[in-house]
Structures are given as structure tokens and as C-alpha cells.
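Student: First the structure, then my questions, so here it is.
Nothing in this text is a laboratory measurement; each read-out follows from the coordinates by a stated rule. Note that the structure is predicted; figures quoted are calculated from it, not measured. Note: ideal-geometry Cβ built from the backbone for every residue, glycine included; neighbour counts use all protein chains shown.
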Amino acid sequence: MGAQGPTEGPLTDEELQLAARNHGMPLEALRYDITPSGLHYLLVHFDIPEIDESSWRLDIAGNVEHPQSLTLEQLRTRLSRTLPVTMECAGNGRARLRPRPISQPWLVEAVGTAEWTGIPLRDVLREAGVGSNSVEMVFTGADHGVQGDVEHDYERSLPLDAAMRPEVLLAYEMNGRPLEPQHGAPLRLLVPGWYGMTSVKWLTRVTLVSERFEGYEQAIAYRYQKDEADPGEGVSRMRVRALMIPPGYPDFLSRRRLVEPGIVTVRGRAWSGNGDVVRVEFGVDETWTDADLQEPVGPFAWREWTLRWDAAPGEHILSCRATDAAGYVQPVEQPWNYQGMGNNLIQKVPVTVGRS
């Protein structure tokens, strides 16, 4: 089956299938510095592969001086590092676009922050000896399927300089426990600051190449495109975003919030792949006030923001928007691109203050 174009219609059966297989983080889980593993967002492209850890190997191949085939135990004997990292799906916000690109129908919940433990990728690559004409590394996962009529293993690449950064990990633990099958067991790549499609799960091979990788998930998927014919630009680092914990309590079906009048403490998180978040603004009916910022959970993780809101009776729209150190600000007008990537439009939360 080929790719479908954007639609103005209701959710399709295909989108509902994807939504049932994958899940976002409930926004109330923004209260946790570190997202519990079961609440962290999840996207699986094809099937969760069945892997026998005793026979699994990570192959380091291609343009290297000393090809490697490493067991998990051999990787675990090396000096490890643990990092709290905020990870977001590149398609987060896709379902809010009009027309709506047909794919996983995320609203704003495709995010989470976990503590990942593993070894720096560059340590393994230095042992293998990187060839002098290498320009990229290709990361191959064990998940296999068809997308856009192309049968392939899930593969992504990184430029050599990005892959050799000290925070890029070969991760085998999440939140102090071995990786769960759905999160990439026994080993996954972790690339802090980049959208989640970069952190290849069920990693089986790292291949150094001397020219740019043109596999499907790199050259066709995960592109900022104006239309189907536009080759577009590759998706990479996470765009700046703030989210709030919706205050009060919800109506079951609509999720509209019901809030008691008076002083309400509103909390949320903000993050960016382009440097620290330096400002978060809280909006009530498009009137903005600066929120207070707490220290980031880590150099590659979100930071909490808080604000005391004097909730007046009536109907209101609450919003939040973040600014990062590079000067990027969340948009208040609807952006659009053909694949629905990197949509960091501000969050809007309708609330009713006082009982109607």
C-alpha cells in the first residue's frame, strides 16, 4: 500500500490501528521529573521483533579498521553513563494539522523523559577504528516491514560529527531497568536533542559509510516537505515546546477542564533540542504572563515551569509557549507540512471556571 495524502475527513481505520498500537504520555504525567517507563510515549514502526538476547550481536562494520561483533555482556563491561533525556516524536501534533497528514495521529502527548544507561557510541567506534573517508553512520534495527511500497529494515543515519558526540549512547537500560521489548531491547541508540526517530530501537548493526545514506527512513520519510513532490529537508533536532498539566478535572469525553474559581497553580514542562529553554509564557485568552522556571532535569532534559493563575469564573482558553537559547519561539499560528513533522504549535486548553 502506498502513502496516502492529507485529508480533511475523520480518522481513518488505518490511523485508528496505529493509535491503538502506539501511545502518548498522559499530560498529567508531566508532574514527574522522570517519566515512569509505562507512561513514556511509544511508537513502533513495524512489529516488535522477537530477539534472543543470548544469540544477539551488535555488528560494527563498513568503513572501519577492525570490524566488531559484540554481545550485550561485552558492552555492559565497559564504562557506562546515565543521562536523563527528553525524547519527542517528530510527528507530535500531526493530528492538529488541517488538512491532516495520514499517519500516527498524535495530538501533543508524544513525549517523555527517561533516565537512559549505556555506553558512549564513540568509545566503541574508536576501538573499531573509523575509516578516514567516513562521512556517516547507518544504524539498523531488527524491525522490518513495508512503508511507501518499499520493504526495508528500519534504518537511520547520522553525520560522523553528530554520532561522535559524548552524549550519544548505546543504551541497554531505561529508568534503572533493562530495556523493555517495546522500547528496543536489548539495545537501542540514544541521540539526545534529536527527535525520537533518530534513536533506532532493536539495534543490530552500525555501518560506517563514505557517502550519504539514502534509505527510505532517511531520504523519503521524516522530511519537512511543502507537498509530495518537494524533496524537503531532513528532520533532526527537536523544536522548542512547552506543555502544561491541564488544571482542574476533565469531562470524560471532551477532556474539557473544570476548574474552581480562585488561585490555581499551573505547572508544566518545556524543552528544546537547540539549547536551554530561557522563557515560558502562560496565556489566558491570549493575554500572556511570564512563568517561573525551575532548573532543568539535565542538560538534555526538560525543565519545569509554574505560575499562579487567578481563575475568574467563565470560559477560558489557556496556552503556553516557550523560547529557547537559540531564539526560537513556539508559533501561535498553525504551521503545516506534508508529513506533519515538527509541529510545535502552542498548546491550547479550554477550561470552564465555576460550575456551569
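Student: Sort out for me the Cα centre separation of the stretch 24-58 from the stretch 203-258, rounded to whole Å.
Tutor: 16
Student: Quote the charge dipole size of the chain about the Cα centre in Debye, to the nearest 20; the model charges only the Cβ of Lys and Arg (+1) and of Asp and Glu (-1).
Tutor: Computed charge dipole of the chain: roughly 780 debye.
Student: Now, a different point. First check a/c for the stretch 42-128, with a ≥ b ≥ c the square roots of the eigenvalues of its C-alpha gyration tensor; if it is under 1.5, answer rounded, and if not, answer prolate when a/b is larger than b/c or oblate otherwise.
Tutor: prolate
Student: Quick one: if you take sqrt(5λ) for each eigenvalue of the C-alpha gyration tensor of the stretch 232-272, what semi-axes come out, biggest first, whole angstrom?
Tutor: On the way: eigenvalues 196, 44, 6 Å².
The answer is 31, 15, 6 Å, longest axis first.
Student: To continue, here is another question. Just to check I understand the Karplus step: with θ = phi - 60° and J = 6.51 cos²θ - 1.76 cosθ + 1.60, what whole-Hz values come out for the stretch 104-116, glycine and proline as x?
Tutor: 3, x, 5, 8, 10, 8, 7, 7, x, 10, 10, 9, 9
Student: Using alpha-carbon pairs under 8 Å, 6+ residues apart, how would you state the relative contact order of the stretch 65-145 in percent?
Tutor: 37
Student: In whole Å, what are the Cα extents of the chain along the three principal axes, biggest one first?
Tutor: Rounded to whole Å, the extents work out to 69, 44, 37 Å.
Student: Once you wrap a convex hull around the alpha carbon atoms of the stretch 198-326, what is its projected area averaged over all directions, in nm²?
Tutor: Seen from a random direction, the Cα hull of the stretch 198-326 projects 12.4 nm² on average.
Student: Quick check: Cα centre of the stretch 74-105 to Cα centre of the stretch 315-356, how many Å?
Tutor: The stretch 74-105 and the stretch 315-356 have Cα centres separated by 19 Å.
Student: Convert each backbone phi in the stretch 122-128 into a coupling constant with the Karplus relation 6.51 cos²θ - 1.76 cosθ + 1.60 (shift: θ = phi - 60°), then list the ³J(HN,Hα) values in order as whole Hz, x for Gly and Pro.
Tutor: Each residue's phi maps through the Karplus curve to give 5, 5, 5, 5, 5, 5, 6 Hz.
Student: Along its three principal axes, how long is the stretch 1-40 when you only count alpha carbons? Whole Å, largest extent first please.
Tutor: Cα extents, longest axis first: 39, 20, 14 Å.
Student: Relative contact order for the chain using alpha-carbon pairs under 8 Å, separation at least 6, rounded to a whole percent?
Tutor: In percent, rounded to a whole number, it is 18.
Student: Counting pairwise Cα distances across the stretch 34-88, what percent come out greater than 14 angstrom?
Tutor: 74
Student: Next question. For the stretch 241-353, what relative contact order do you get, as a whole percent, if you take Cα pairs closer than 8 Å and at least 6 residues apart?
Tutor: RCO, the stretch 241-353: 32 percent.
Student: Continuing with this model, one more query. Using helices alone, I'd like the mean residue ellipticity at 222 nm for the chain: each DSSP H run of four-plus residues gives -39500 (n - 2.57), total over residue count, nearest 500.
Tutor: So the helix-based figure for the chain works out to -2000 deg cm²/dmol.
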